[in-house]
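Working notes for the structure below.
The values are calculated or read from the model by the stated rules, or taken from the named source; none is laboratory data. Remember, it's a predicted structure, so these values are computed and weren't measured experimentally. Here the Cβ positions follow ideal geometry from the backbone for every residue, glycine too, while neighbour counts run over all protein chains shown. For the accessible areas, the whole protein counts, side chains as well, though only heavy atoms, and no ligand, DNA or RNA atoms are used. Shrake-Rupley method; radii C 1.70, N 1.55, O 1.52, S 1.80 Å.
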Amino acid sequence: MLLDETIWRDKVFLGGTWAAGSGGTIEVVEPATGAVLGAVGRAGADDVAAAAESASEAQKQWAATPHTQRAAVLRKAAQLWSEHGEEIADWNVREVGAIPPIAQFALHVAEQECYEASTLPGRPYGELLPSEEPRLSMSRRVPVGVVGVISPFNVPIILGIRAVAPALALGNAVILKPDPRTAVTGGVTIARIFEEAGLPPGVLHVLPGGADVGEALVGHPAVRVIAFTGSTAAGRRVAELAGRHLKRAHLELGGNSALIVLQDADVDTAVNLAAFGSFFHQGQICMTTGRHLVHERLFDDFVERLAAKAAALPVGDPAREPVALGPLIDAGQRDKVHNLVTASMDRGAKPVAGASYRELFYAPTVLADVPTDAPAFVEEVFGPVAPVVRFSAPEDAVRLASASDYGLSLGIVTPDVMRGLALADLVPTGIVHINDQTVSDEATSPFGGVGASGNGGRLGGAAANVEAFTETRWVTVRGQAPTYPF
């Protein structure tokens with residue numbers, strides 16, 4: 001078994017071996033039942049220092065490894081996601097609370113990320129440049145060295161592997177800090193995949209831990225690039241620390257994405273998109289549809305049908321029954337969601353479905369006529385909540401969609417696709433989907449947002465990955481050394 005607990009129980013992955021972490025252990029808890037599934041090691045700042053030293057040494061040899069061999073390791077990793085899919089998916093369902101379809105989707109994306117990354121070592125890594133001097137002038141892309149990856153709890157496989165795989169493929173070493181709540185799915189699994197794929201010892205380290213480990217990782221001088229996915233508040237802290245040390249930080253942060261339903265849209269189609277966009281994975285996705293902007297002609301019909309769909313969606317333990325929504329990750333997240341809902345109701349939002357919970361299972365919620373200053377409209381909820389607001393003219397929809405600090409994803413529903421594209425050009429956002437909801441991800445596409453959602457499409461797609469995980473070096477070559485006046 002890939003995830004045989006005797007290999008990793010109470011341990012971190014450091015220097016190519018499974019060893020006790022300096023911070024003790026972390027219980028692995030199933031959110032649907034509260035059952036303890038196992039325990040992993042908890043890293044501390046000392047482990048970060050040891051991993052950085054080991055990674056710095058191992059990276060030199062890994063970068064010098066022929067590109068064909070690096071590509072082969074990534075291809076083997078891709079195959080292993082498929083070969084061990086049932087085992088990995090089971091952990092994803094139980095530890096993360098993901099329903100089986102999202103667990104399978106995560107496996108598919110992880111496999112594709114590794115296959116896409118396997119093409120990077122064989123791509124051109126520089127270009128010839130003109131020069132006024134009698135010399136050969138060129139630019140080369142070289143590995144940054146050691147990359148730190150900090151990934152969140154919600155979709156831990158995808159949000160870890162999309163940085164780990166290309167960084168490794170391009171000749172870097174990686175230190176991954178997964179969220180301690182999903183350390184097996186988002187950490188142990190990735191370590192075991194690359195261990196079995198033949199990655200040399202010391203090139204990848206996995207250190208579950210808290211904010212102290214993240215800060216140590218960002219601050220260590222050997223770690224030259226940070227790829228962070230998480231909340232905007234935490235991302236600001238990462239950016240500040242990284243800036244202090246003059247290192248790059250690629251930030252994929254929160255979102256409050258809008259779905260605009262224009263007056264010529266089909267209501268049933270729009271409702272199907274809206275329900276998936278807001279309720280998939282309990283709304284615990286950065287791209288979740290957080291604001292539904294619906295033309296006044298369709299508004300009442302849209303709200304009625306969306307509320308009916310929400311009320312009919314089964315909620316429960318995804319490991320034991322066929323459900324559309326599983327549990328939220330923990331009580332803290334549940335309370336945050338409910339507080340935002342009730343605070344918005346106090347401001348005048350009308351609950352037409354949900355707005356209640358049982359244990360960690362939050363009912364799919366529809367709030368109608370949400371005031372634009374209500375928390376559910378302004379903030380990222382990160383739960384299964386669909387705030388619906390009406391508009392009367394396209395320019396109103398643009399104004400409402402733009403009235404957010406976030407700028408991650410945008411969906412527009414209309415049979416007039418050119419009109420939809422023209423409207424999208426007026427809204428600051430990193431991702432646009434015409435006639436689709438806001439949640440989507442592909443290994444071949446750049447991913448990222450603007451404003452409070454991050455600093456652009458820094459991950460995904462060959463060009464973005466090369467930019468993210470390499471440095472540009474200028475190199476010149478002369479046949480004879482020049483003579484200078486002194």
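Things to note:
- Matching residues in region 204-241 - criterion: being part of a loop (DSSP other than H, G, I, E, B) and surrounded by fewer than 24 Cβ atoms within 10 Å (Cβ to Cβ): Gly210, His220, Pro221, Ala222, Gly230, Ser231
- Flag for Leu360 being within 25 Å of Thr182 (Cβ to Cβ) and in contact (Cβ under 8 Å) with a residue 24 or more places away in the chain: yes
- If you go through region 291-315 and pick out every residue that is assigned to a helix (DSSP H, G or I) and either closer than 23 Å to Pro394 by Cα or at pLDDT below 95 (or both), you end up with 8.
- The set of residues in region 232-247 that are in contact (Cβ under 8 Å) with a residue 40 or more places away in the chain and not hydrophobic (A, V, I, L, M, F, W, C) comprises Thr232, Gly235.
- Region 431-486, residues that are of a type in the set (S, T, N, Q), open to solvent by less than 40 Å² (accessible area, probe 1.4 Å) and closer than 24 Å to Glu127 by Cα: Asn465, Thr470
- Any chance Leu408 is crowded, with 17+ Cβ neighbours inside 10 Å, under 26 Å from the mean Cα position of the chain (by Cα) and either small (Gly, Ala, Ser) or within 22 Å of Leu259 (Cα to Cα) (or both): yes
- When region 77-120 is limited to residues that are among the charged types (D, E, K, R) and open to solvent by 70 Å² or more (accessible area, probe 1.4 Å), the one that is farthest from Pro322 (Cα to Cα) turns out to be Glu83.
- Only one of Leu421, Leu367, Leu400, Leu408 that is within 21 Å of Leu273 (Cα to Cα), at pLDDT 95 or above and touching a Gly at 6+ places or on another chain (Cβ under 6 Å): Leu408
- Residue in region 323-370 that is nearest to the chain's Cα centre (by Cα), counting only those that are in a helix (DSSP H, G or I) and under 29 Å from Trp91 (Cα atoms): Gln333
- Any chance Glu57 is assigned to a strand (DSSP E or B), of a type in the set (D, E, K, R) and open to solvent by 30 Å² or more (accessible area, probe 1.4 Å): no
- Residue that is nearest to Met345 (Cα to Cα) [pool: residues in region 379-405 that are in contact (Cβ under 8 Å) with a residue 40 or more places away in the chain and open to solvent by 30 Å² or more (accessible area, probe 1.4 Å)]: Glu379
- Residue list for region 422-451, restricted to those being assigned to a loop (DSSP other than H, G, I, E, B), under 15 Å from the mean Cα position of the chain (by Cα) and closer than 21 Å to Val378 by Cα: Gly430, Thr438, Val439, Gly448, Gly449
- The residue that is farthest from Ile285 (Cα to Cα), counting only those in region 159-201 that are out of contact with any strand residue (DSSP E or B) (no Cβ under 7 Å at 6 or more places or on another chain) and of a type in the set (Val, Ile, Thr), is Ile193.
- Pairs meeting the criteria (first residue in region 336-357 and under 20 Å from Leu306 (Cα atoms) and among the small types (Gly, Ala, Ser), second residue part of a helix (DSSP H, G or I) and open to solvent by less than 60 Å² (accessible area, probe 1.4 Å), beta carbons under 7 Å, at least 6 apart or on different chains) are Ser344/Pro375; Ser344/Ala376; Ala349/Ala376; Ala353/Ala307; Ala353/Ala310; Gly354/Ala310; Ala355/Val341.
- Apart from one condition, Gly255 fits all of (1) closer than 30 Å to Arg291 by Cα; (2) touching a residue at least 24 places away in the same chain (Cβ under 8 Å); (3) in a helix (DSSP H, G or I); the exception is (3).
- Enumeration of residues in region 30-53 that are among the β-branched types (Val, Ile, Thr) and touching a strand residue (DSSP E or B) at 6+ places or on another chain (Cβ under 6 Å): Val36, Val40
- Region 254-283 - residue that is open to solvent by 10 Å² or more (accessible area, probe 1.4 Å) and closer than 24 Å to Ile161 by Cβ and, of those, farthest from the chain's Cα centre (by Cα): Phe276
- Asp416 in contact (Cβ under 8 Å) with a residue 60 or more places away in the chain and in contact with a strand residue (DSSP E or B) (Cβ under 7 Å, 6 or more places away or on another chain): no
- Counting only strands (runs of 3 or more DSSP E) that fall entirely inside region 95-193 and contain at least 1 residues that are more than 17 Å from the chain's Cα centre (by Cα) and hydroxyl-bearing (Ser, Thr, Tyr), the qualifying elements are 136-143.
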